[in-house]
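Here the structure comes first, spelled out in structure tokens, and everything after it is commentary.
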């Protein structure tokens with residue numbers, strides 16, 4: 001079922017093996033104003049074991065006005081609650097995306113500073129599994145997080161032979177370490193330490209139409225002790241056929257490109273790695289055959305979650321847009337435990353078209 005041959009298992013060296021331009025992120029991309037489906041889109045995550053808290057931002061340009069940015073901004077709180085916001089704005093100088101309450105700046109390749117000062121609806125994670133959220137009574141919160149690269153920028157179209165798709169003309173991923181803080185008004189102990197954790201980001205630009213996409217796994221983990229980083233990408237079609245199954249391990253100055261990768265439930269057609277929007281199963285195994293011939297089996301465990309939706313061709317909503325057969329995106333801060341017991345921190349998106357989810361998932 002896997003897309004055999006889209007990636008050659010191999011080892012690359014250097015801190016920029018795909019030759020990403022040094023100034024790629026220092027400014028916003030220039031829109032294609034003639035393509036109403038053109039978009040530039042980012043997501044960033046950061047989660048720390050210090051106070052078991054984190055943030056997640058999904059951000060992109062508006063189809064009707066590609067100079068107007070939208071941002072879905074979330075904060076993960078230690079008690080199972082999440083803060084939910086959605087805002088819009090324009091980047092005044094195009095030196096990084098800006099959406100009113102939120103701004104992202106990249107001072108150098110792979111480095112990001114994420115800043116937010118606004119308010120969001122306070123709800124429990126399970127509230128997002130039953131409908132749209134983010135327009136209720138708002139609670140002020142703010143954060144600033146610095147992301148530092150824990151691996152080189154990974155370029156989908158240079159790492160693989162999958163070829164450009166209708167959902168992107170450029171697609172980058174990267175694992176990060178994180179440092180920062182989160183403050184929530186009116187909460188006991190309302191300042192949370194976001195140091196010493198891990199994050200993952202994704203960036204794409206070009207024509208963006210998800211109508212044919214059936215789902216994905218998109219994630220990465222950082223190991224503070226060994227400074228190892230692991231990145232994962234699965235994508236499947238509307239009928240549940242996996243098109244790409246790839247991972248990479250950054251360790252000792254080498255980037256290992258791996259195909260295929262097995263995650264619990266992905267060997268079914270259609271995939272079955274998500275059995276309920278509450279994040280079940282909350283423990284998964286990830287199996288990778290390294291270029292050296294060694295097999296690594298790592299344990300993934302959900303720490304928190306939120307649900308977002310993408311309805312065709314490209315409308316992004318907070319919470320579950322049920323009944324639209326859109327992509328339901330289960331966004332989960334996750335730990336990864338290596339066979340030697342070391343724990344890494346990061347994020348996994350498990351996205352499924354509604355019709356591909358098992359009965360009883362919703």
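The values are calculated or read from the model by the stated rules, or taken from the named source; none is laboratory data. Bear in mind the structure is a predicted one, so any value in this text is a computation, not a measurement. Here the Cβ is made from the backbone with ideal geometry for all residues, glycine too, and neighbour counts use every protein chain on show.
Determine if segment 291-311 includes at least one residue that is outside any loop (DSSP other than H, G, I, E, B) and without any contact (Cβ under 8 Å) to a residue 12 or more places away in the chain.
We begin by selecting, within segment 291-311, every residue outside any loop (DSSP other than H, G, I, E, B); these are 295-302, 306-311.
Narrowing the set further to residues that are without any contact (Cβ under 8 Å) to a residue 12 or more places away in the chain leaves 295.
Within segment 291-311, one or more residues are outside any loop (DSSP other than H, G, I, E, B) and without any contact (Cβ under 8 Å) to a residue 12 or more places away in the chain.
So which residues in segment 249-278 are within 20 Å of residue 320 (Cβ to Cβ), in contact with a helix residue (DSSP H, G or I) (Cβ under 8 Å, 6 or more places away or on another chain) and buried (at least 18 other Cβ atoms within 10 Å of the Cβ)?
Correct list: 270, 271, 277.
How many residues are surrounded by 15 or more Cβ atoms within 10 Å (Cβ to Cβ) and farther than 15 Å from residue 249 by Cα when one looks only at segment 283-298?
Adding up the residues that qualify gives 1.
Inspect segment 156-171 for any residue being under 30 Å from residue 224 (Cβ atoms), buried (at least 22 other Cβ atoms within 10 Å of the Cβ) and at pLDDT 95 or above and give the result as yes or no.
Within segment 156-171, none of the residues are under 30 Å from residue 224 (Cβ atoms), buried (at least 22 other Cβ atoms within 10 Å of the Cβ) and at pLDDT 95 or above.
Hey, among 246, 320, which residue is within 23 Å of residue 153 (Cβ to Cβ) and in contact with a helix residue (DSSP H, G or I) (Cβ under 9 Å, 6 or more places away or on another chain)? Before the answer, list the steps.
Details: 320 fails: within 23 Å of residue 153 (Cβ to Cβ).
When all the criteria are applied, what remains is 246.
Kindly indicate which of 336, 308 is over 24 Å from residue 120 (Cα atoms), surrounded by 19 or more Cβ atoms within 10 Å (Cβ to Cβ) and out of contact with any helix residue (DSSP H, G or I) (no Cβ under 6 Å at 6 or more places or on another chain). Step through it out loud before you land on a result.
Details: 308 fails: over 24 Å from residue 120 (Cα atoms).
Selected residue: 336, the only one of 336, 308 that is over 24 Å from residue 120 (Cα atoms), surrounded by 19 or more Cβ atoms within 10 Å (Cβ to Cβ) and out of contact with any helix residue (DSSP H, G or I) (no Cβ under 6 Å at 6 or more places or on another chain).
Across segment 216-243, what is the total count of residues that are in contact with a helix residue (DSSP H, G or I) (Cβ under 6 Å, 6 or more places away or on another chain) and surrounded by 22 or more Cβ atoms within 10 Å (Cβ to Cβ)? Reasoning before the result, please.
Of all residues in segment 216-243, those in contact with a helix residue (DSSP H, G or I) (Cβ under 6 Å, 6 or more places away or on another chain) come to 240.
Still in the list and also surrounded by 22 or more Cβ atoms within 10 Å (Cβ to Cβ): none.
Residues that pass the stated criteria total 0.
How about segment 91-113: which of its residues are closer than 12 Å to residue 71 by Cα and either exposed (fewer than 15 other Cβ atoms within 10 Å of the Cβ) or under 18 Å from the mean Cα position of the chain (by Cα) (or both)?
97, 102, 103, 104
Against the condition touching a residue at least 12 places away in the same chain (Cβ under 8 Å), under 30 Å from residue 196 (Cα atoms), part of a loop (DSSP other than H, G, I, E, B) and in contact with a strand residue (DSSP E or B) (Cβ under 8 Å, 6 or more places away or on another chain), how does residue 333 come out, does it pass? So that I can check it myself, show each step before the final result.
Values: touching a residue at least 12 places away in the same chain (Cβ under 8 Å): yes; under 30 Å from residue 196 (Cα atoms): yes; part of a loop (DSSP other than H, G, I, E, B): no; in contact with a strand residue (DSSP E or B) (Cβ under 8 Å, 6 or more places away or on another chain): yes.
In short, no.
What is the one condition in (1) farther than 21 Å from residue 334 by Cα; (2) modelled with pLDDT of 95 or more that residue 221 does not satisfy?
Residue 221 satisfies every listed condition except (1).
Identify, by number, the condition in (1) surrounded by fewer than 18 Cβ atoms within 10 Å (Cβ to Cβ); (2) touching a strand residue (DSSP E or B) at 6+ places or on another chain (Cβ under 9 Å); (3) within 20 Å of residue 362 (Cα to Cα) that residue 323 doesn't meet.
(2)
Suppose we filter 57, 82 for residues that are modelled with pLDDT of 95 or more and touching a helix residue (DSSP H, G or I) at 6+ places or on another chain (Cβ under 6 Å); which single one remains? Explain how you work it out, then say what you get.
Values: 57 fails: touching a helix residue (DSSP H, G or I) at 6+ places or on another chain (Cβ under 6 Å).
Just a single option satisfies the conditions, and that option is 82.
Could you say which residue among 88, 69 is closer than 21 Å to residue 308 by Cα, at pLDDT 95 or above, surrounded by fewer than 23 Cβ atoms within 10 Å (Cβ to Cβ) and in contact with a strand residue (DSSP E or B) (Cβ under 8 Å, 6 or more places away or on another chain)?
88
Would you say residue 318 is more than 24 Å from residue 268 (Cα to Cα), in contact (Cβ under 8 Å) with a residue 40 or more places away in the chain and assigned to a strand (DSSP E or B)?
Working: more than 24 Å from residue 268 (Cα to Cα): yes; in contact (Cβ under 8 Å) with a residue 40 or more places away in the chain: yes; assigned to a strand (DSSP E or B): yes.
So residue 318 fits the description; yes.
Quick one: which strands (runs of 3 or more DSSP E) lie wholly within segment 166-274 and hold at least 2 residues that are farther than 27 Å from residue 13 by Cβ and more than 19 Å from the chain's Cα centre (by Cα)? Show your work before the answer.
Numbers: elements: 170-184, 191-193, 197-207, 213-222, 229-237, 242-251, 254-258, 261-263.
Strands (runs of 3 or more DSSP E) meeting the threshold: 170-184, 191-193.
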